[in-house]
1. State, to one decimal in nm, how far the label point of GLU153 lies from the label point of ARG360, with both points 7 Å from Cα in the Cβ direction.
2. Of the options ALA213, THR323, ILE36, report the single residue whose Cα projects farthest towards the positive end of the charge dipole of the chain (beta-carbon charges: Lys, Arg +1; Asp, Glu -1).
3. Report the residues of segment 19-33 in range of a label on ARG66: point 7 Å along Cα→C-beta, backbone N strictly under 16 Å from it.
4. For segment 20-26, take each phi angle, set θ = phi - 60°, evaluate the Karplus expression 6.51 cos²θ - 1.76 cosθ + 1.60, and give the result in whole Hz per residue in order, putting x for glycine and proline.
5. State, to one decimal in nm, how far the label point of THR77 lies from the label point of ALA253, with both points 7 Å from Cα in the Cβ direction.
6. Find out how many positive minus negative residues lie around SER204, taking Lys and Arg as positive, Asp and Glu as negative, among other residues whose Cβ is under 11 Å from that of SER204.
7. For segment 116-158, build the convex hull from the C-alpha positions and give me its volume per residue in Å³.
8. Over all directions, average the projected area of the Cα convex hull of the chain and note it in nm².
Amino acid sequence: MSLNTFGHLFRVTTWGESHGPALGATVDGCPPGVEITEDMIQVWLDRRKPGTSKYTTQRKEPDQVRILSGVFEGQTTGTPVQLMIENTDQRSKDYGDIAEKFRPGHADITYWQKYGIRDHRGGGRSSARETAARVAAGGLARAALDSLAPGIEIEGYMTQMGPHRISGARDMSQITQNPFWVPSAETATLWADYLETLRKSGNSVGAMIEVVARNVPPGLGAPVYGKLDTDLAAAMMSINAVKGVEIGEGMAAAMLTGEDNADEIFMGDDGRPVYSSNHAGGILGGISTGQDIVVRFAVKPTSSILKPRQTITKSGEAAEIITKGRHDPCVGIRAVPVGEAMMACVILDHLLLHRGQIGRNRGTIG
């Protein structure tokens, strides 16, 4: 039973543990002839890697990717692409004290109950370090999208940290100008003060991330179980620490009337339909409309904190635990490039599925 693989035609299998010698991804189904180099993938990994600011874990990993197969003379060959990232800064001794204890909020207890064995060094497969492999695969997916559907843009950013939402107007040019990927210089300053206080106290906080895909053609996705939003929700929910996913208006749609929620349709000057709004998040009936695809996901606070917590041991005895090691005070910061990667993989997968079944859209308007 393979439960470490996602995707239909563009299939990604991730492997490796947080404190093992390496981790990576095996990508099958990438079309041949896609221009790709290690440097092209490294650009995206550098956005996710630890130690980029004092607001992320201080584990110093270069996250240097190596392409081991599936690429020849700078192009994909159509065979499986093997991507590997070596772990170089493990400190497994930090986790010696929790070998017999379960960290509250972590997957320690469920892994033990299910398998009867667990890798306590950083959480093994349940560690957020697994997401580095996803970002590498997402870099390949972006290159394939650039080749097959030029113009598609994927951008993620934080919209909320703990109780603090973005203040003021959004300025998308600010996303790469602060350590929080937030489109607001004013908000970045406020969040810095807030997170610094939490970090020094040994605590953590959750976050909300929004990922937008622009210029996606209409027609991607299929009824009833192959919906584009179904796969997007599953992809985002599979990211470590994610506890909720929304598409478009999401949960807020429950508070709207039908009149308010319906995105009215008009004919544009270019002969294509345009919409008055985008409450649907660019997807209707599981199929893309051509509007921006908007996905949001909520990330819980990092479970590994320096605050004493009550727990039990494997033998069932009561115990107190303080998690040592190097951890993110807000894991949502580094979840932004992970969400972008998952969006890229799903959009490419559905683009390939659409080409395989339909070729080009058959319905015409006007």
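What follows draws every value from the coordinates through simple rules; no lab data is involved. All values derive from a computational prediction rather than experimental measurement. Cβ atoms come from the backbone with ideal geometry, glycine included; neighbour counts cover every protein chain shown.
1. Each label point is offset 7 Å from its Cα along the Cβ direction, giving 2.6 nm.
2. THR323
3. The answer is 20-26, whose backbone nitrogens lie closer than 16 Å to the label point.
4. Couplings: x, x, 6, 9, x, 9, 10 Hz.
5. Label-label distance for THR77 and ALA253, simple model: 4.5 nm.
6. Working: positive: ARG199, LYS300, LYS307; negative: ASP328.
In short, +2.
7. For segment 116-158, the hull spanned by Cα atoms encloses 98 Å³ per residue.
8. Details: hull surface 80.5 nm².
Directional mean of the projected Cα hull area for the chain stands at 20.1 nm².
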